[in-house]
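Take a look at the structure set out below.
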Amino acid sequence: MRGLLFLAKQPTDRLFLVSEVSKAQRIPETYLAKIFQRLSKTGLLKSTRGLNGGFNLGKPAKEITMKQVIEALEGPIALNRCLLRQGECDEEEGCPLHEVFEEAQEKFLAVLDRTTIEDLARQDVRNERKGRR
């Protein structure tokens, strides 16, 4: 997320090397490179090869949600395995936990789905101005 936030706060026409983002965000370069490769395969990032290559956002920051990023890296989000798919849990029909997990997951996913990288970047800029970073 921090790598995407960095890119969201930059000019959209500029490409950045993984090493630049890694240094600016204090993220291990090899770790970030793997993440950026995966995000490029999903279209959330755009990768350009060559001498003047690098990475930038694959679409506007206002169109990239936290849910999309997490699912691109981790797969479907589930607070409990019984929510992954029907039949995953033997107890799901009468289990009082299932209903609680289902409600919590719906609310959790709604927050992730409405929170964009642009929202986070704006908040990050406000925090920087207030000296919180």
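Of the residues in the range 110-128, none is modelled with pLDDT under 85 and touching a helix residue (DSSP H, G or I) at 6+ places or on another chain (Cβ under 9 Å). Restricting the first member to the range 89-104 and to residues that are polar (S, T, N, Q), and the second to residues that are assigned to a helix (DSSP H, G or I) and modelled with pLDDT of 80 or more, no beta-carbon pair is closer than 9 Å while six or more apart or on different chains.
If you go through the range 1-19 and keep only what is part of a helix (DSSP H, G or I) and surrounded by fewer than 16 Cβ atoms within 10 Å (Cβ to Cβ), you end up with ARG2, SER19. Pull up the range 23-38, narrow it to residues that are out of contact with any Ser or Thr (no Cβ under 9 Å at 6 or more places or on another chain) and in contact (Cβ under 8 Å) with a residue 12 or more places away in the chain, then point me to the one that is farthest from ILE70 (Cα to Cα). Filtering first and then ranking leaves ALA24. Restricting LYS34, LYS62, LYS41 to residues that are among the basic types (Lys, Arg), at pLDDT 95 or above and within 18 Å of ALA121 (Cα to Cα) narrows the list to LYS62.
The set of residues in the range 39-79 being within 30 Å of HIS98 (Cα to Cα) and in contact (Cβ under 8 Å) with a residue 24 or more places away in the chain consists of ILE64, THR65, MET66, LYS67, GLN68, VAL69, ILE70, ALA72, LEU73, ILE77, ALA78, LEU79.
The values are calculated or read from the model by the stated rules, or taken from the named source; none is laboratory data. Computed from a predicted model, the values in this text were never measured in an experiment. Cβ sites come from the backbone with ideal geometry, for glycine too, and all protein chains shown count toward neighbours.
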